[in-house]
Structures are given as structure tokens and as C-alpha cells.
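Here's the structure we're looking at; comments come further down.
Only the coordinates and a few stated rules stand behind these numbers; no lab work does. Computed from a predicted structure; not experimentally measured. Cβ sites come from the backbone with ideal geometry, for glycine too, and all protein chains shown count toward neighbours.
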Amino acid sequence: MERIRSEADIVRALDELEAADPRLAGVRRRVSAVDLRLSEPNFASLAAIVVAQQVSRASAQAMLDRLSRKVQPLSAGQLLAAGPAALVEARLSQAKQRALLALAASIEEEKLDLAALAECPSAEAIATLSALPGIGPWTAEVFLLTAGHPDVFPSRDVALQAAVAEGLGLTARPADRVLAAMALAWSPWRSVATRLFWALYREMKGREVLPSVAAPHNPWKPAMQAPSRPTICFTRLSRRD
């Protein structure tokens, strides 16, 4: 599987997407840039996505900033050392507190290697992450997308639905199942199609979709490294209450 690692990959994928669906050429002309949007596949990057669940980008960024000040660096071990009080003080919901603590424990207990998981087939990686409390398909898909997977499409994303409706001139925002079916035409570069429509959303609303844990002023610079261990796809995590 060819991964997204550079701006050149984005440009090549956009060219191929235009050839496959000429409507996307018009969308591309409307945006100033299609960002690379890569993050290290680690606890901090996944934690940022968990925090962003079902809240505005501004609210998510505020919570993430508070958490990052309490837990430095924002890693699984440091979060467990800080304990639940840090999550309460960051004003995270109880559901998000449980999700981050369960995620941190799985990483520290070596049940989960996020860098290795990011190299696995998307269906297997999504199933593995979704077995954790508080992590569903949207969270898993966005994690894989920002880790460089070329062909995931978070169709449940409301901003993505709104941007597709605007960009393609639809009369209403498509439901997630409808949008997922539409996006099949953009395979094997659905992750880049997502970036394109998120860029359009930024033009529409004047704000980004996701918060940034590491670099608020330049959140999407390349930061990819090969996994330090052989790739192993973990599929036997079980849900814990």
C-alpha cells in the first residue's frame, strides 16, 4: 500500500482524482491549498481526535490546550502518571476521560502499537481501534488519514458532508451512507479527496476542522517515521467499561 508522505503525493493524487471525477477540478480551483495533514501515529495525535469528537473545533482546541499544559509531554505514560484529575481539570467529558485512560493503558501494557497499526489494512485497523471504549469508526478513520493512509474516508464527518454538498452543488448535505457510496469513485485516493473537501470547508467557514496537539500555527507539516518494530496488526482488544 502506497502511503501519503509528501506534498508531491498530494499533488499527484489530486491530478488522478480530477481525471477520475472532473467535478473535483472545480473544487480544487476554489481552495488556496490542500494541506498534507500528517501527524505522528502516536497517543498524542489520537488523543487530539478523541477530544474533537462531537464538539466544535474551537472547543476541542481549548480542551486539548488545557490537557497539554497539564500533561507534558502528552503521552500514554505521562497521562497515566497524571491520573484522572488532569482530564477533569482539562474539562473533558466523562466519556472522553474513559476513552483516553483506556487508550493510554492499552499502549502502556503493550497491547496496542499505534505506529504499527497505522501500517495495517484500514478495515483491520479500524476494527482494532473501535474495540476500545469511546473510539468509533470516525475517530479511527481520521487517525489513519492523518497517519498517511491513502484510502480512508470519514463519511460521518459533518464538515465533510457540508463541503461535499457545497462543492458538488447538492441540494442537501448527504447522509453518511450516501456519502460513503459516492466516495467509492475516489478510491484509491479517498484520503486526499477528504483533504480537498476539508480545504473547501476552511474556505467556506474560515476555520480548520480538527484541533492540533503539537503545532497550532502549522499543524500539518510532515512528521512521518517508519515503525520501530515489525508491523503487527492487533485485533484482539476487547471493550472495557
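Numbers below:
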quantity	calculated
Rounded Å value of the spacing that divides the Cα centres of the stretch 81-98 and the stretch 1-80	23 Å
CD proxy at 222 nm, helix term only [per DSSP H run n ≥ 4: -39500 (n - 2.57); per residue of the chain; nearest 500]	-15500 deg cm²/dmol
Test item: Cα-centred dipole of the chain, Lys/Arg +1 and Asp/Glu -1 on Cβ, debye	660 debye
Label-to-label distance, nm, for residues given as residue 108 and residue 180 (7 Å Cα→Cβ offset)	3.4 nm
Kirkwood-based Rg to Rh ratio, the chain, C-alpha trace	0.96
Pair residue 19, residue 78: separation of 7 Å Cα→Cβ label points (nm)	4.5 nm
Computed E for residue 6/residue 57 - FRET, C-beta separation, R0 25 angstrom, nearest 0.05	0.45
Quotient of Cα Rg and 2.2 N^0.38 Å for the stretch 43-146, N being how many residues it contains	1.00
